[in-house]
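Shown next, in structure tokens, is the structure this report addresses.
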């Protein structure tokens, strides 16, 4: 019913596929859903979804819908097999001041530009955990690619995350937003995914819990990226 759909959407589960990709245990943790209700939801979802098997040919055809977002560097794109791949998670890592945040800002612009394989560009969501996002940097990069400053900034949806829990809550919003505006958003950037976990779980005795929470977030991100044709980088 409508009330149950609202409860599912409140935690970022907006599709039948999303229900299939969520465990019964996780669904039972949704406020207002009993075990009996969850069993009914799962049963109804399974009736609407085809079996998960495809032939290799069918999967190959599906992969043709994957697009790549240019990094702004031809050499870097070659290393990545064409750029940042959709329906996948890309991790940028390195020492301090090696250009990770600069790459994130550049992608905020290049993701809006038409590219190879019929890619038409789209909007971006940027989750900032370290207060490193600077709109002025986007203006400078927009100049490099000869695109309008205001249009570039208007196509980037920004949020500041303050705790690891808040970061997860923002992902629920992202999942709902991608569902509401299907095909509009092409890139999700989290800069950086680890920063708040290091702060919230700083003791050695909290390492196991930190890794568990981080694994849950990565699983959440994987489900979001697989279910929609967009790219994700952190």
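The values are calculated or read from the model by the stated rules, or taken from the named source; none is laboratory data. Note that the coordinates shown come from a computational prediction; the quantities given were computed from them, not determined experimentally. Every residue, glycine among them, receives a Cβ derived from its backbone with ideal geometry; neighbour counts consider all protein chains shown.
Out of the residues in the stretch 191-228 that are over 24 Å from residue 156 (Cα atoms) and not in a helix (DSSP H, G or I), which is modelled with the highest pLDDT?
If we filter the stretch 191-228 for residues that are over 24 Å from residue 156 (Cα atoms), which is where we start, we get 197-216, 219.
Still in the running and not in a helix (DSSP H, G or I): 201-203.
Values: 201: 89, 202: 83, 203: 80.
Restricting to residues being over 24 Å from residue 156 (Cα atoms) and not in a helix (DSSP H, G or I), the top hit is 201.
Which one of 53, 67, 57 is at pLDDT 90 or above and either surrounded by fewer than 10 Cβ atoms within 10 Å (Cβ to Cβ) or closer than 25 Å to residue 218 by Cβ (or both)?
Exactly one residue qualifies, and that residue is 57.
Kindly provide the set of residues from the stretch 1-32 that are assigned to a loop (DSSP other than H, G, I, E, B) and either within 25 Å of the chain's Cα centre (by Cα) or crowded, with 17+ Cβ neighbours inside 10 Å (or both), ordered by number. Talk me through it step by step, then tell me what you get.
Filtering the stretch 1-32 for residues assigned to a loop (DSSP other than H, G, I, E, B) gives 1, 11-15, 21-23, 29-32.
Answer for the stretch 1-32, where residues must be assigned to a loop (DSSP other than H, G, I, E, B) and either within 25 Å of the chain's Cα centre (by Cα) or crowded, with 17+ Cβ neighbours inside 10 Å (or both): 11, 12, 13, 14, 15, 21, 22, 23, 29, 30, 31.
Take the stretch 135-160 and flag every residue that is over 19 Å from residue 103 (Cβ atoms) and in a loop (DSSP other than H, G, I, E, B).
Within the stretch 135-160, 146, 148 meet the criteria.
Given the conditions (1) closer than 24 Å to residue 171 by Cβ; (2) without any contact (Cβ under 8 Å) to a residue 40 or more places away in the chain; (3) assigned to a loop (DSSP other than H, G, I, E, B), which single one is not true for residue 105?
(3)
Tell me which of these residue 188 doesn't satisfy, since it passes every other one: (1) touching a strand residue (DSSP E or B) at 6+ places or on another chain (Cβ under 7 Å); (2) in a helix (DSSP H, G or I).
Single failed check for residue 188: (2).
Could you say which residue among 147, 156, 174, 199 is assigned by TED's automatic domain parsing to the domain that holds residue 69 and under 24 Å from residue 5 (Cβ atoms)? Full working, then the answer.
Numbers: 147 fails: under 24 Å from residue 5 (Cβ atoms); 156 fails: under 24 Å from residue 5 (Cβ atoms); 199 fails: under 24 Å from residue 5 (Cβ atoms).
174 is the lone residue from the list that is assigned by TED's automatic domain parsing to the domain that holds residue 69 and under 24 Å from residue 5 (Cβ atoms).
Kindly indicate which of 94, 72 is exposed (fewer than 11 other Cβ atoms within 10 Å of the Cβ), in contact with a helix residue (DSSP H, G or I) (Cβ under 7 Å, 6 or more places away or on another chain) and assigned to a loop (DSSP other than H, G, I, E, B). Give the steps one after another, and end with the answer.
Details: 72 fails: exposed (fewer than 11 other Cβ atoms within 10 Å of the Cβ).
Only one candidate passes the filter, namely 94.
In the stretch 27-50, which residues are touching a helix residue (DSSP H, G or I) at 6+ places or on another chain (Cβ under 9 Å), closer than 18 Å to residue 223 by Cβ and without any contact (Cβ under 8 Å) to a residue 24 or more places away in the chain?
Passing the criteria: 27, 28, 30, 38, 42.
If I go through the stretch 55-69 residue by residue, how many of them are more than 25 Å from the chain's Cα centre (by Cα) and either within 24 Å of residue 14 (Cα to Cα) or part of a loop (DSSP other than H, G, I, E, B) (or both)?
1
Out of curiosity, is residue 126 crowded, with 18+ Cβ neighbours inside 10 Å, at pLDDT 95 or above and part of a loop (DSSP other than H, G, I, E, B)?
Numbers: crowded, with 18+ Cβ neighbours inside 10 Å: yes; at pLDDT 95 or above: yes; part of a loop (DSSP other than H, G, I, E, B): no.
No.
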